[in-house]
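The values are calculated or read from the model by the stated rules, or taken from the named source; none is laboratory data. Remember, predicted model here, so these are calculated numbers, not experimental data. Every residue, glycine as well, gets a Cβ built from its backbone with ideal geometry; the counts of neighbours run over all protein chains shown.
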Amino acid sequence: MADLPALLRALLRFWSYLFQAGLSLFLLALALVALAGGNHNWSLAMLPWGGERLTRGLLVAGSAGLATAVLAVAGKWRVLFFAWNLVVALVLARGYFLSGYHFADQGELNRAAWLAAGSLAALAGAWSGARARRERGRKRRY
């Protein structure tokens, strides 16, 4: 039987790549739609920006997230991928749960909770990937 902790770490790493790539593509799509329409009078209540700053912020965040995911999958800069996952988890926690954000209904609260749980699982997977890379690079002394 396979080593269960190793299998769990691998599944969490896979989830972190999938979660960040999906979130980054979604943020990029939002920003590109706003840029294509030329209308920047919009806001997302859980984020601290609005208007054109929000469009630029989503464009930068989507690009950075996608770049760190691609680099992490390639085995490069996995610590940066962990740092990006930490930033995402903190922004989600602050925006949804630690600010004055009000949920319209129970369904919106459930979606935010699932998004936060997915982000925390991605953070655990990114941590696992950053640690695995560091431990492989270390020479063992017996």
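Within segment 25-64, restricting attention to residues that are of a type in the set (Val, Ile, Thr) and exposed (fewer than 15 other Cβ atoms within 10 Å of the Cβ), which residue is modelled with the highest pLDDT?
From segment 25-64, those of a type in the set (Val, Ile, Thr) are 33, 55, 60; that's our starting set.
Checking the rest, the ones that are also exposed (fewer than 15 other Cβ atoms within 10 Å of the Cβ) come to 33, 60.
On the way: 33: 92, 60: 95.
It comes out as 60.
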Please verify whether residue 104 is aliphatic (A, V, I, L, M), in a loop (DSSP other than H, G, I, E, B) and without any contact (Cβ under 8 Å) to a residue 40 or more places away in the chain, treating the condition exactly as stated. yes
Check your understanding: Has segment 73-87 got any residue that is modelled with pLDDT under 90, surrounded by 15 or more Cβ atoms within 10 Å (Cβ to Cβ) and within 23 Å of residue 11 (Cβ to Cβ)?
Key -> yes
Going through (1) closer than 13 Å to residue 126 by Cα; (2) part of a helix (DSSP H, G or I) one by one, residue 29 fails only at (1)
With the first residue restricted to segment 63-79 and required to be at positive phi and part of a helix (DSSP H, G or I), and the second required to be at pLDDT 95 or above and loosely packed, with under 15 Cβ neighbours inside 10 Å, Cβ contacts under 6 Å at 6 or more apart or on different chains are none
